[in-house]
Ligand SMILES: *Cc1c(COP(=O)(O)O)cnc(C)c1O
């Protein structure tokens, strides 16, 4: 068998005709920016997430960067303020902070939940702490009532990075509606992915929504009137039309992801492999299915030799990147160990039961050699 990590061609083909029609409609309309398709998608996505506002932007990094910038323009953040961020995240979460001359405070993660825990979080809070970036990494909901309480007590802005968790639930609420603002990426490989770049900010705060919109459109409050130095960061009509089609299928695709994940949990029994703590149904939309083993590279080769492609999310944590030299000295041991041991199995709605079974079988068959070396 030959199983790619993710075939975007197959992902698109799941709803190929609907997508073609949506694209053709925009093509024929002659309106490619700031038109009806974006307007409708913003409304539908806000309703889906459960917020009053949604602002489409060009990509996920811009959603994060413009949200922080908007809070600075609104006087809620100032240069040098500290922003808590899980050390185990994709670099974009951190880039948004440093781009705004805010100070990232890297918080190591919990080895079981793979995300922030209250203890380390509390220790990281200082009088200069003004915001918390809550990253629902791998599609796992990270929000807890304790996090809410901490943010209230310390007057922190709670900003969700929901790039990997479209459709994820906390009880009956969606991630992306739990904090002051949430940032979404529609990069093609995400659970809700466009045919190119796209992103959005969701919030219940009309002032923030308006500020992000202004900043994403040259700083114009009305045409050719610019009280702020903005930029051009817009979601385009074709992407919005595609996303609108795919939004209708998101819940059923996430259900398929959850079913595949359950099969992995039930059947992977290689003692050299650690699976992340399982979550309640709905609290994890399995954007990524990470497994952990000290024999990561060997296991990856074994899978590849059997036609199974895997990826690593992520091999170098942000604080160890060359672009962040000033933080390279930090030791955040859980995050660093995860970076050495993580392997992402294929998991997406195009996969067949046979493919999933074959991956499990191939993983379990590596048992003896992995153990003899540990
Ligand atoms: C993908 C991703 C982003 C960035 O989104 P882009 O659209 O690629 O800019 C930000 N944060 C996380 C956690 C992501 O996975």
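On the basis of the beta-carbon distance and an R0 of 25 Å, residue 262 and residue 113 show a calculated FRET efficiency of 0.85. Rounded, prolate or oblate: which fits segment 55-187, taking a ≥ b ≥ c as square roots of the Cα gyration tensor eigenvalues, rounded meaning a/c under 1.5, else prolate when a/b beats b/c? Because its axes are fairly even, with a/c under 1.5, segment 55-187 counts as rounded. Taking the square roots of five times each eigenvalue of the Cα gyration tensor of segment 250-373, the equivalent ellipsoid has semi-axes of 26, 20, 13 Å, listed largest first. Comparing mean-square fluctuations of 161, 353, 81 from a GNM of the chain with C-alpha springs under 10 Å, the top value falls on 353.
Calculate how large, on average over all directions, the projected area of the Cα convex hull of the chain is; give the answer in nm² to one decimal.
Numbers: hull surface 75.0 nm².
Mean projected area for the chain: 18.8 nm², to one decimal.
Using a simple spin-label model with pseudo-atoms 7 Å out from Cα toward Cβ, residue 148 and residue 5 lie 3.6 nm apart. Computed extension gain for residue 222 through residue 172, at 0.36 nm per residue and net of the alpha carbon distance, reaches 14.2 nm. Extension gain for residue 204 to residue 229 (0.36 nm times residue separation, less C-alpha to C-alpha distance): 6.6 nm.
Can you divide the C-alpha Rg of segment 167-285 by 2.2 N^0.38 Å and report the result to two decimal places?
Numbers: Rg = 18.7 Å, N = 119, 2.2 N^0.38 = 13.5 Å.
Rg over 2.2 N^0.38 Å, computed on Cα atoms: 1.38.
Calculation over all alpha carbon pairs of segment 1-75 in 5 angstrom steps from 0 returns a P(r) of 3, 12, 12, 17, 21, 16, 9, 7, 4, 1, 0, 0 percent.
So what is the calculated 222 nm ellipticity per residue for the chain, using -39500 (n - 2.57) for each DSSP H run with n of 4 or more, over all residues, to the nearest 500 deg cm²/dmol? Provide the component values of the computation, followed by the final result.
On the way: 13 runs with 153 residues, N = 374.
Per the formula, -12500 deg cm²/dmol.
Segment 69-146 and segment 165-242 have Cα centres lying 19 Å from one another.
Indicate, rounded to the nearest 5 percent, the antiparallel portion of the DSSP beta bridges found entirely in the chain. Intermediate results must be reported in sequence, preceding the final value.
Working: 21 of 38 bridges.
Restricted to the chain, the bridges split so that about 55 percent are antiparallel.
Maximal additional length on extending the residue 297-residue 21 stretch stands at 95.0 nm, based on 0.36 nm per residue less the C-alpha distance. Between 59, 348, 171, the Gaussian network model of the chain with springs among Cα atoms under 10 angstrom shows the greatest mean-square fluctuation at 171.
Every number here is computed from the coordinates shown, using simple stated rules; none is lab data. Given the structure is predicted, the values throughout are model-derived calculations rather than measurements. FYI the Cβ positions are ideal-geometry reconstructions off the backbone, even for glycines, and counts take in every protein chain you see.
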